[in-house]
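One structure is given below, represented as structure tokens, and several questions about it will come after.
Any read-out appearing in this document is the output of simple, stated calculations on the displayed coordinates, not a laboratory observation. Here the structure is a predicted model, which means the values were calculated and not measured. Cβ placement follows ideal geometry from the backbone for every residue including glycine, while neighbour counts extend to all protein chains displayed.
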Amino acid sequence: MRLVALRAVALVVSATVNAPSLADDAPANSAAMSHGWEFSEQGGAELFGDVCAACHQPDAKGAVGAGAYPPLTADKKLVSTGFMLTVLFRGLKGMPPVGDMMSDAQVADVINYVRTHFGNAYPDAISTADVSAARPRTSPP
Amino acid sequence: MSDAMVPALSRRRLFEIIGASVGGAAAYQAMTRLGHAEESPYRGPIMLDGDPKGASVIVLGAGLAGMTAAIELEHAGYKVSVLEYNLRPGGRNWTLRGGDVYTELGGATQRCEFDPGLYLNPGPWRIPYHHYAILDYCRRFGVTLEPFIQLNHNAYLHSANAFDGKPQRIRDIKADFDGGVAELLAKATKKGALDEAVSTEDREILLEALRSLGALDKDFRYRAGDNSAAHRGYAKHAGGGLSAEPIAGDPVGLHDILTSRLWRGLQSFLLYDFQTTMFQPVGGMGRIGEAFARQIPARIRYGAKVVAIRQNDSGVAVEFEDLAAGGMVREARADWCVCAIPLSILSQIPINVSARMKAAIDAVPYASAVKFGLQFSRRFWEEDEHIFGGITYTDLPIRQISYPSTNFNAGGKGVLLGGYTFDGANSYEFTAMPPAERVKRAVAFGAQIHPQYLSEFENGVSVAWHRVPFTLGCAGDWSDEARKAHYNDLCEIDGRIVLAGEHASYIPAWQEGAVLSALDAIQRLHKRVVAS
């Protein structure tokens, strides 16, 4: 039932320009899927639910098989936004650099979301400008 | 921000801008293009001459790389043992059949409800004719192959935003694109626009070639008529008796094809990796892994999760959890180690190798991929739409629908590959969903191409490779930069350890890469052993 309600909300949102992200702050699978290579999700909850949760799981508790996806719950490493930016833009071991498929605002949103949910309560939010400065760049040819 | 600095345009982003990449083919091509310089270097069964003098080897992983190494080393006289996390051989060489139960990371469990004889290959599913090594092993180990239909001219190209969302037959788009381009080029040639580039003699030959290959009429036009119909088929097919005369259809205009972007789907049929003839094992790709395992029945220990790999001057010790014994930690020792564990896993396992090799192990992200197997109550694609095998490409999130390349025209039920994503946003989005939600969406998307989905769908399974417990991803997704910096370090023998797998090859994500990597690794290892 909850999922159905969320989808209805998302459909309305997608039809509105510059609409705020879902009022419900819990991660969930979005009704709409992205059209291109990059993620179209907006807001930390949507991005976490559609991207991060693929491996770290919807509850951020991670998973264990032959190898493991680390939990992001009450995670002391997340104190460093620089660490998170590096992971999102460079990847980490088997983890792909998913930040390559997000805008600066999306990267900021999802980092701020994870750092304030799942038992994390870091008060310092990262800005879009911070993300832009950290994004890998190359000189023009 | 300095004006001289611009955000890095990833290779993929570039592809997307020019419109070449919505299907996975271009991304796939970018990932593997380094491997296409020449044909498979495989030149027949490996010869490991010389006496290993009773040396022992522990092989980690019973996928195709690990089993190739184990089989050939045993033939050469080594004492071989294999540790495997799963309870079956094959690794990513895997077929899901009715009755199989699969639990993904996160705990969601699917029970495959397919009817007998129907299956999904979640991993590899087709073998190019130029993958000589895997073909040779299939022959030697008695794996029966059948053709895998990659190109079916009667399958579809589809865009939700073109032709009112109506799927177009591949033969129409292909013939009409070729014809439209040939007409343009013929026009330019006749106007003399190419005179500087083409000699007078070549000009006449070129015009005839354009007419022939583009199905142009006597005036070098691509129009409805016998010439174009000979390539694209007829609006009303030829029959017998009265009212039997065929009627040629109207070609789709070049402008409509260009703006629809449906031409992107044609690329998948041009790539060297996907050219005719391709093969699949009768009964599912998993038959290969099963056949390999039969060569070394007593050597593979299943349910063994490797947790530490240590080496010193005298040998290698591997700690593993015995999953059948509640995870009790055991140790296995050998003189040498061939490690065919995916880097996504190996990067998490303590291992004392050189800093350079460890950096290489840690340098490779693993691709995202999702596949869907959907069972339908009848083979409507054959019965209603005359599609016998092949692949429909779409810009919907499912990206493609593949029709079974077996049991043609026999009626009964069938299983479609209801979607196959490879990297990109949708692959992650599907992965993040519960399996039932993935299948539900794949059915809803597929119904936009085949409305019969809605009444004929029976059951389905999906495998999202980032949630596969034994690999945590589909395959090593090397960037050019990472390969340049780390590939050789990954492949060097480090003390008593050598790595193998598709990740240690220039044919990533293909079984051929896994097998060739293993053969190269054990050749070098054997040389070292014999010399020591």
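Sequence neighbours fewer than 8 away in the same chain don't count; with that in mind, list the aspartates and glutamates whose C-alpha is under 19 Å from B:LYS53.
Cα-Cα hits under 19 Å: B:GLU72, B:GLU74, B:ASP313, B:ASP335.
Relative contact order for chain B: what percent, with Cα pairs under 8 Å and sequence separation of 6 or more? If you can, show how the numbers build up before the last one.
Working: 1053 pairs, mean separation 111.3, N = 532.
Relative contact order for chain B comes out at 21 percent.
A follow-up question, please. What is the stretch B:187-290's relative contact order, in percent, from Cα pairs under 8 angstrom and six or more apart in sequence?
Relative contact order, the stretch B:187-290: 12 percent.
From the phi of every residue in the stretch B:168-176, what ³J(HN,Hα) in whole Hz does the Karplus formula 6.51 cos²θ - 1.76 cosθ + 1.60 yield, where θ is phi - 60° and glycine or proline is x?
Couplings: 10, 5, 4, 5, 5, 5, 5, 5, 6 Hz.
From a point 7 Å beyond the Cα of B:ALA308 in the direction of its Cβ, which residues of the stretch B:472-515 have a backbone N at a distance under 20 Å?
Hits in the stretch B:472-515 for B:ALA308 at 20 Å: B:495-498.
Quick one: net charge around B:SER505, please, counting Lys, Arg +1 and Asp, Glu -1 for every other residue with C-beta under 13 Å from its C-beta.
-2
Shifting gears a bit: Across the residues of B:433-441, average count of Cβ atoms on other protein chains within 10 Å?
Details: counts 9, 3, 0, 0, 2, 1, 0, 0, 3.
If you average over the peptide's residues, the count of other-chain Cβ atoms is 2.
Related question: Within 10 Å of each Cβ in peptide B:461-474, how many partner chain Cβ atoms are there on average? Round it to a whole number, please.
Partner-chain Cβ atoms within 10 Å, mean over residues of B:461-474: 3.
Same structure, new question: For peptide B:103-111, what's the mean number of Cβ atoms from other chains within 10 Å of each residue's Cβ?
Whole-number average of other-chain Cβ neighbours for B:103-111 is 3.
Compute the label zone of B:GLU146 within the stretch B:265-298: residues whose backbone N is under 19 Å from the point 7 Å along Cα-to-Cβ.
Answer for the stretch B:265-298: B:276-291.
Shifting gears a bit: Would you mind getting me the FRET efficiency between B:SER354 and B:ALA410? Use the beta-carbon distance for r and R0 = 41 Å, nearest 0.05.
0.15
Over the stretch B:97-164, what relative contact order in percent results from Cα pairs under 8 Å that are six or more residues apart? Before the final figure, lay out each step's value.
Values: 38 pairs, mean separation 13.7, N = 68.
Averaging sequence separation for qualifying contacts and normalising by length gives 20 percent for the stretch B:97-164.
OK, next. Take the Cβ-Cβ distance between B:LYS527 and B:SER199 as r, set R0 to 41 Å, and report the resulting FRET efficiency rounded to the nearest 0.05. Working shown, then result.
Values: r = 55 Å, r/R0 = 1.34.
E between B:LYS527 and B:SER199, to the nearest 0.05, is 0.15.
Related question: Sort the stretch B:95-183 into rounded, prolate or oblate with this rule: let a ≥ b ≥ c be the square roots of the eigenvalues of the Cα gyration tensor; rounded if a/c is under 1.5, and if a/c is not under 1.5, prolate when a/b is larger than b/c, oblate otherwise.
On the way: a/c = 2.95, a/b = 1.45, b/c = 2.04.
Since a/c reaches 1.5 but b/c is at least a/b, the shape of the stretch B:95-183 is classed as oblate.
I want the local charge near A:VAL51. Using Cβ-Cβ distances under 10 Å, sum +1 for each Lys or Arg and -1 for each Asp or Glu among the other residues.
Result for the neighbourhood of A:VAL51: -4.
Setting aside same-chain residues fewer than 8 positions from B:LYS413, which aspartates and glutamates have a Cα under 13 Å from its Cα?
Leaving aside aspartates and glutamates fewer than 8 places away in the same chain, those within reach of B:LYS413 are B:GLU113, B:ASP115, B:GLU382, B:GLU383, B:GLU456, B:GLU458.
A:ASP130 to A:ASP25: FRET efficiency via 1/(1 + (r/R0)^6), r the Cβ-Cβ distance, R0 22 Å, to the nearest 0.05?
Working from the Cβ atoms, E equals 0.50.
List, in order, the whole-Hz ³J(HN,Hα) value for each residue of the stretch B:226-237 obtained from phi through the Karplus relation with A = 6.51, B = -1.76, C = 1.60 and θ = phi - 60°; use x for Gly and Pro.
The phi angles translate into 4, 4, 5, 5, 5, 9, 9, x, 10, 5, 10, 6 Hz.
Per DSSP helix of 4 or more residues, -39500 (n - 2.57); summed, then divided by the residues of chain B. What does that give at 222 nm, rounded to the nearest 500?
Helix contribution divided over all residues of chain B: -9500 deg cm²/dmol.
Binning every alpha carbon pair distance of chain B at 10 Å from zero, what are the percents per bin?
The calculated distribution, bin by bin, is 4, 17, 25, 23, 16, 10, 4, 1, 0.
Would you please classify the overall shape of the stretch B:237-301 from the alpha carbon gyration tensor, given that a ≥ b ≥ c denote the square roots of the eigenvalues, rounded means a/c under 1.5, and beyond that prolate means a/b larger than b/c while oblate covers the rest? Intermediate values should be presented prior to the final figure.
Numbers: a/c = 5.65, a/b = 2.08, b/c = 2.72.
Oblate shape, in that a/c is at least 1.5 and b/c is the bigger or equal ratio.
Taking a label point 7 Å from the Cα of B:LYS79 along the Cα→Cβ vector, which residues of the stretch B:310-328 have an amide N closer than 16 Å to it?
Once the point is set 7 Å along Cα→Cβ of B:LYS79, B:314-318 turn out to lie under 16 Å by backbone N, inside the stretch B:310-328.
Please give the net charge around B:HIS486, taking every other residue with its beta carbon less than 14 angstrom from that of B:HIS486, where Lys and Arg add +1 and Asp and Glu add -1.
-1
Starting at the first residue of the stretch B:130-142, write each ³J(HN,Hα) from the Karplus equation 6.51 cos²θ - 1.76 cosθ + 1.60 with θ = phi - 60°, in whole Hz, x for Gly and Pro.
Result, rounded to whole Hz: 8, 8, 4, 5, 5, 5, 5, 5, 4, 5, 5, 9, x.
Scan chain B and report its longest stretch carrying no trypsin sites (Lys or Arg not before Pro) that are both in a DSSP loop and have at most 12 other Cβ atoms within 10 Å.
B:219-532
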